[in-house]
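Engineer: Starting off with a structure, shown below.
The values are calculated or read from the model by the stated rules, or taken from the named source; none is laboratory data. Source: prediction; values computed, not measured. Here the Cβ positions follow ideal geometry from the backbone for every residue, glycine too, while neighbour counts run over all protein chains shown. Each accessible area value is taken on the protein alone, full model and side chains, heavy atoms only, with ligands, DNA and RNA left out. Shrake-Rupley method; radii C 1.70, N 1.55, O 1.52, S 1.80 Å.
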Amino acid sequence: MSEKILYSYTALFDTPNQIIKAAKKVKEEGYTKYDVNTPYPIHGMDAAMELKPSLLPYVALVVGLTAAISMIIFLWWQNTIDYPLNIGGKPFFALPAYIPVTFEVTVLSASIATVVAMLFFVFKFPNNVHPLHDTDYMKRVSVDKYGISIQAEDPLFEAEKVKSLFNSLGASSITPIYYSDELVNFKPKILEPKFISFLIILFIVVSGATYITLNKLLFLPPYSWMMVQDKVIAQKTSDFFGGGSGMLTPVKGTVARGFLPYKFDKKPELAAKELVNPLMPVKKNIELGKTKFNIYCSPCHGYHAEGKSRLRGQFPIPPSLHSDKVRNWSDGRIYHVITEGQNVMPSYAHQLSRQERWAIVLYIRALQRSLNAKESDLQ
Amino acid sequence: MTTIDYSQELPVVEGRPTLQEINELIAKPLDTKPDKKYYIALAITLTMLLIGVIGLGLTFYYGVGMWGNNNPVGWGFPIVNFVFWVGIGHAGTLISAILFLFRQKWRNGIARFAEGMTIFAVMTAGLFPLIHVGRPWLAGYLIPYPNQHSLWVDFNSPLVWDVFAVSTYFTVSFIFWYVGLIPDLATLRDRATSKIKKTIYSIFSLGWRHSNRHWQHYEMVYLVLAGFATPLVLSVHTIVSFDFAVSILPGWHSTIFPPYFVAGAVFSGFAMVQNVLIFIRKIFNYEHIITLDTLEKMNKIIILTGSMVGYAYAMEFFTAWYSGVQPEQFTFINRAFGPYAWAYWIMVSCNVLFPQLFWIKKIRRSIPIMFVIAVLVNVGMWFERFVITVTSLSRDFLPSSWAYFKPTLVDGAILLGSFGFFFTWILLFTKSLPVVSIAEIKSVVPGAQPSHEEH
């Protein structure tokens, strides 16, 4: 059976004005160990209780500045001494580029430090229980009443005097608060074995989990880190085909994809006769031809193939493709020019697929037709 | 017509509820068992989440080839979604920190919820860089630590700045939110009837007893955190915009990006907060706490930021023209009239044109209309990120490598999944913690502060 100890006398008030008055009065009477409990912060209460301004902002200032300076020094060390990276010849110590990271680290450290300082110095974390908890008094002040509590520890404390003071201030109810030493005590819990072992267990679990994740889990399949790959490795035997070689010699006459040899090398006339445009002059093909023509041909030949070069005389200006000559050429003949080039005009065989070359031919035809429209086109 | 007395602030809370009533009202969703509608909503968001998980499973099994990303367009949906979600988060910090510093009392009713949204949005956003790299289990290498390879991350890279910015933002927002929750958790502790609830609330309320000796430090810490969160929130989207602006791609390489991104972020965030609050105040009967006046004020911020975004769009064109740089000019003409013109005009109409309707007071105060406009704002803002990311990449300096980006179903599934993830958290939040700050609301109820009549 634990004995009950008097913690304080408490009084409840109904309005914020009353509580401010009460706090002022209690302060005036010379009490020091008293507290005001309100469901939300009351303006002017700090002044009424004559509390000294909070020192927590200094924590933010000191930790923030330390973090900022350390970060700059760290970045300088990392970028100029430990791991200099030459990025386009820029200076190794690049202050402007450090600002974002430094700023974030400053804010992060200062915010965490301020809150942690509040937890440990103001809330006395990890102490959680308090005589006022679980009392009717607490249940009222956490809802809608304004309470004041004068502790028995106060040198001026005398139960009768306190009660009559509260009465004279118009308190709506006055109650003593008791606690038992076993359940509630004010010794700091931070050094208690329970809390320390909690910290140790937390430390072991977190570091163990990190270690196992980084060093074991991440190397289990399927995380092969691309070390295991189904591919031919140079200078290594491969069992894939038998015979130990990773590559087969191609069968005679094999042609690589997209590299069908051009049969009409230096034979424009033959090309003109034998090559037939495999594409139909439908919108899709002409659109493709237009895109590719504008990209590859128009710089020299102009957007309308009229020979209006955009190269400002730095390259021979090509002839118009609307000439009778080119108009009378077969599709194959134009295709031949694109494939092989002609005099100074280079070959486009490597930039354009066969299909794209034929599409360009279709587009050139469309352009030619637009300048030399037939009567029937007008209908 | 009634005239308004502008010398008096409008009451934040309407109808003079007693403090007791406020307590009961805000704690009610935590006391009652969820109803059928709640489960239906949860089922919908979980289904969306599941679709996203399937999309991710396919991605991680087969590789990022499941997406529409192609050769010039290496940044597709994941980056678009990342920027979108980080942006959504910004409204929360703006409401809780910046409006706090400006002593805007109307923020008290919506701050808690907006902060919660910030946290969930940043969580959603944080997934995307990991998804984007294709092998998320290697994400640990983004964090600089002395390692056996003696390698460091490149601290000059905007992508590393991003890691710092987003993780700091998440941590600080979380702390800020938790600090705000402490008094409320204590209030809940004092009214809890079940033992389990009481234990949980006791642990997390850290022994809070509404003592003024605590309130004094608590308010100071809140102020310090608000002071830090304010430049932080500006820095986060600034740094996100650096991901683009520090490169040399036309359409990205631009000094207007940081303010333009921040304005856009606040814009989309407010639209999202407004959308969800409309439901919350209706479902939980908070109409007199989250008042129509509050919503109207939010709509005013939407017009303001929307106009800033519109100004930025115009300025980008002007700068392109004025710079005389051909690729830059081409990029912008291409945005408006090229293959992605459809996306561009969705963006302009949703972000610049529709919000202008809020100049009309009737519209600003009509819940259905403001809801629709805010939805459109978010559609528009998603498209803004799409336009910025994709159009610039798909047609860069070298016409021969141009290509059109077409998203795949897997891209769509992951986007849908991100909404599922976000709203699942929101739903869980509404049923497990007070979505309105009890202490902050009590402090702005008429008559809550001393009148100092004796002076």
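Engineer: Right, B:ASP243: under 22 Å from the mean Cα position of the chain (by Cα) and either buried (at least 22 other Cβ atoms within 10 Å of the Cβ) or within 11 Å of chain A (Cβ to nearest Cβ) (or both) or not?
Structural biologist: Values: under 22 Å from the mean Cα position of the chain (by Cα): yes; either buried (at least 22 other Cβ atoms within 10 Å of the Cβ) or within 11 Å of chain A (Cβ to nearest Cβ) (or both): yes.
It is true that B:ASP243 is under 22 Å from the mean Cα position of the chain (by Cα) and either buried (at least 22 other Cβ atoms within 10 Å of the Cβ) or within 11 Å of chain A (Cβ to nearest Cβ) (or both).
Engineer: Can you tell me which residues in segment B:230-240 are at the interface with another protein chain (Cβ under 7 Å from one of its Cβ atoms) and either among the hydrophobic types (A, V, I, L, M, F, W, C) or farther than 21 Å from B:ILE88 by Cβ (or both)? Let's see the steps before the verdict.
Structural biologist: Taking segment B:230-240 first, the residues at the interface with another protein chain (Cβ under 7 Å from one of its Cβ atoms) are B:232, B:235, B:239.
Passing the criteria: B:LEU232, B:ILE239.
Engineer: With segment B:365-453 as the region, which helices (runs of 4 or more DSSP H) entirely inside it contain at least 3 residues that are in contact with a Cys (Cβ under 7 Å, 6 or more places away or on another chain) and more than 14 Å from chain A (Cβ to nearest Cβ)?
Structural biologist: Working: elements: B:367-386, B:409-432, B:438-442.
Where helices (runs of 4 or more DSSP H) fall fully within segment B:365-453 and carry at least 3 residues being in contact with a Cys (Cβ under 7 Å, 6 or more places away or on another chain) and more than 14 Å from chain A (Cβ to nearest Cβ), they are B:367-386.
Engineer: Another question about this same structure. State all residues of segment A:59-106 that are open to solvent by less than 50 Å² (accessible area, probe 1.4 Å), without any contact (Cβ under 8 Å) to a residue 24 or more places away in the chain and not hydroxyl-bearing (Ser, Thr, Tyr); if no residue qualifies, say none.
Structural biologist: Answer for segment A:59-106, where residues must be open to solvent by less than 50 Å² (accessible area, probe 1.4 Å), without any contact (Cβ under 8 Å) to a residue 24 or more places away in the chain and not hydroxyl-bearing (Ser, Thr, Tyr): A:GLN78, A:ASN79, A:ALA94, A:ALA97, A:PRO100, A:GLU104.
Engineer: Just name the residue that is surrounded by the fewest Cβ atoms within 10 Å (Cβ to Cβ) out of those in segment B:118-141 that are small (Gly, Ala, Ser) and more than 8 Å from chain A (Cβ to nearest Cβ). Step through it out loud before you land on a result.
Structural biologist: Pass one, segment B:118-141, residues small (Gly, Ala, Ser): B:121, B:125-126, B:134, B:139-140.
Those still in the list that are more than 8 Å from chain A (Cβ to nearest Cβ) too: B:121, B:125-126, B:134, B:139.
Values: B:ALA121: 28, B:ALA125: 25, B:GLY126: 18, B:GLY134: 16, B:ALA139: 13.
Top of the filtered list is B:ALA139.
Engineer: I'd like to verify a number: residues in segment A:178-200 that are at pLDDT below 90 and not in a loop (DSSP other than H, G, I, E, B), how many? It would help to see each step written out before you state the result.
Structural biologist: Of the residues in segment A:178-200, the ones at pLDDT below 90 are A:178-195.
Subsequent filtering for residues that are not in a loop (DSSP other than H, G, I, E, B) retains A:178-180, A:189-191, A:193-195.
Within segment A:178-200, residues that are at pLDDT below 90 and not in a loop (DSSP other than H, G, I, E, B) number 9.
Engineer: When you scan segment A:300-315, how many residues do you find that are modelled with pLDDT of 90 or more and surrounded by fewer than 14 Cβ atoms within 10 Å (Cβ to Cβ)?
Structural biologist: Result for segment A:300-315: 0.
Engineer: With A:SER109, A:SER149 as the choices, which residue is modelled with pLDDT of 90 or more, open to solvent by 20 Å² or more (accessible area, probe 1.4 Å) and among the hydroxyl-bearing types (Ser, Thr, Tyr)? Explain how you work it out, then say what you get.
Structural biologist: Working: A:SER149 fails: open to solvent by 20 Å² or more (accessible area, probe 1.4 Å).
On inspection, the qualifying residue turns out to be A:SER109.
Engineer: For segment B:274-321, name all the residues that are acidic (Asp, Glu) and surrounded by 20 or more Cβ atoms within 10 Å (Cβ to Cβ). It would help to see each step written out before you state the result.
Structural biologist: Going through segment B:274-321, the residues acidic (Asp, Glu) turn out to be B:287, B:293, B:296, B:316.
The answer is B:GLU316, and nothing else.
Engineer: Mind listing just one residue for me: the one in segment B:142-155 that is closer than 15 Å to A:VAL105 by Cα and crowded, with 17+ Cβ neighbours inside 10 Å and, of those, nearest to the other protein chains (Cβ to nearest Cβ)? Please lay out each step first, then the result.
Structural biologist: Restricting attention to segment B:142-155, the residues satisfying the condition of being closer than 15 Å to A:VAL105 by Cα are B:143-145, B:155.
Still in the list and also crowded, with 17+ Cβ neighbours inside 10 Å: B:144, B:155.
Numbers: B:PRO144: 8, B:PHE155: 6 Å.
Per the criteria, the residue is B:PHE155.
Engineer: Let me ask something else. Determine the pairs where a residue that is under 16 Å from B:ARG189 (Cα atoms) and assigned to a loop (DSSP other than H, G, I, E, B), located within segment A:138-160, has a partner that is small (Gly, Ala, Ser) and open to solvent by less than 10 Å² (accessible area, probe 1.4 Å) with Cβ atoms under 7 Å apart, the partner being 6 or more residues away or on another chain.
Structural biologist: Between residues of segment A:138-160 that are under 16 Å from B:ARG189 (Cα atoms) and assigned to a loop (DSSP other than H, G, I, E, B) and residues that are small (Gly, Ala, Ser) and open to solvent by less than 10 Å² (accessible area, probe 1.4 Å), the close pairs are A:SER142/B:ALA186.
Engineer: Could you pull out the residue among B:THR193, B:THR171, B:THR187 that is within 29 Å of A:THR10 (Cβ to Cβ), among the polar types (S, T, N, Q) and open to solvent by 20 Å² or more (accessible area, probe 1.4 Å)? I'd like the intermediate steps shown before the answer.
Structural biologist: On the way: B:THR171 fails: within 29 Å of A:THR10 (Cβ to Cβ); B:THR187 fails: open to solvent by 20 Å² or more (accessible area, probe 1.4 Å).
Testing whether each residue is within 29 Å of A:THR10 (Cβ to Cβ), among the polar types (S, T, N, Q) and open to solvent by 20 Å² or more (accessible area, probe 1.4 Å) leaves just B:THR193.
Engineer: Follow-up. Exactly one condition in (1) open to solvent by 10 Å² or more (accessible area, probe 1.4 Å); (2) part of a helix (DSSP H, G or I); (3) in contact with a helix residue (DSSP H, G or I) (Cβ under 9 Å, 6 or more places away or on another chain) is not met by B:TRP85; state its number.
Structural biologist: (1)
Engineer: Here are the criteria: (1) touching a residue at least 60 places away in the same chain (Cβ under 8 Å); (2) under 23 Å from B:VAL83 (Cα atoms); (3) facing chain A (nearest Cβ under 9 Å). Tell me which single one B:GLY227 does not satisfy.
Structural biologist: In the conditions (1) touching a residue at least 60 places away in the same chain (Cβ under 8 Å); (2) under 23 Å from B:VAL83 (Cα atoms); (3) facing chain A (nearest Cβ under 9 Å), B:GLY227 misses (2) alone.
Engineer: While we're looking at this one, here's another question. Looking only at segment B:193-215, how many residues end up being over 29 Å from the mean Cα position of the chain (by Cα), within 20 Å of A:GLY147 (Cβ to Cβ) and more than 7 Å from every other protein chain (Cβ to nearest Cβ)?
Structural biologist: 1
Engineer: Taking the conditions exactly as written (within 22 Å of the chain's Cα centre (by Cα), at pLDDT 90 or above and of a type in the set (S, T, N, Q)), does B:THR45 satisfy them or not? Show your work before the answer.
Structural biologist: Working: within 22 Å of the chain's Cα centre (by Cα): yes; at pLDDT 90 or above: yes; of a type in the set (S, T, N, Q): yes.
Considered against the rule, which asks whether it is within 22 Å of the chain's Cα centre (by Cα), at pLDDT 90 or above and of a type in the set (S, T, N, Q), B:THR45 comes out as yes.
Engineer: Can you pull out the residues in segment B:403-418 that are touching a Ser or Thr at 6+ places or on another chain (Cβ under 9 Å) and surrounded by fewer than 18 Cβ atoms within 10 Å (Cβ to Cβ)?
Structural biologist: B:ALA403, B:TYR404, listed by residue number.
Engineer: Quick one: B:PHE279 ticks every box in (1) of a type outside the set (S, T, N, Q); (2) within 24 Å of B:TYR404 (Cβ to Cβ); (3) assigned to a helix (DSSP H, G or I) bar one, so which box is it?
Structural biologist: The single condition B:PHE279 does not satisfy is (2).
Engineer: Out of everything in segment A:18-41 that is over 12 Å from B:SER211 (Cβ atoms) and facing chain B (nearest Cβ under 7 Å), what residue ends up being surrounded by the fewest Cβ atoms within 10 Å (Cβ to Cβ)?
Structural biologist: A:TYR40
Engineer: For B:PHE100, are the conditions met, namely being under 12 Å from the mean Cα position of the chain (by Cα), more than 19 Å from B:VAL377 (Cβ to Cβ) and of a type outside the set (A, V, I, L, M)?
Structural biologist: Taking the combined requirement at face value, the residue does not satisfy it.
Engineer: Is at least one residue of segment A:286-299 within 26 Å of A:GLN342 (Cβ to Cβ) and either out of contact with any helix residue (DSSP H, G or I) (no Cβ under 9 Å at 6 or more places or on another chain) or exposed (fewer than 10 other Cβ atoms within 10 Å of the Cβ) (or both)?
Structural biologist: Yes, because at least one residue in segment A:286-299 is within 26 Å of A:GLN342 (Cβ to Cβ) and either out of contact with any helix residue (DSSP H, G or I) (no Cβ under 9 Å at 6 or more places or on another chain) or exposed (fewer than 10 other Cβ atoms within 10 Å of the Cβ) (or both).
Engineer: Restricting attention to segment B:253-268, does a residue exist that is within 14 Å of chain A (Cβ to nearest Cβ), at pLDDT below 95 and surrounded by fewer than 20 Cβ atoms within 10 Å (Cβ to Cβ)?
Structural biologist: Yes - at least one qualifying residue is present in segment B:253-268.
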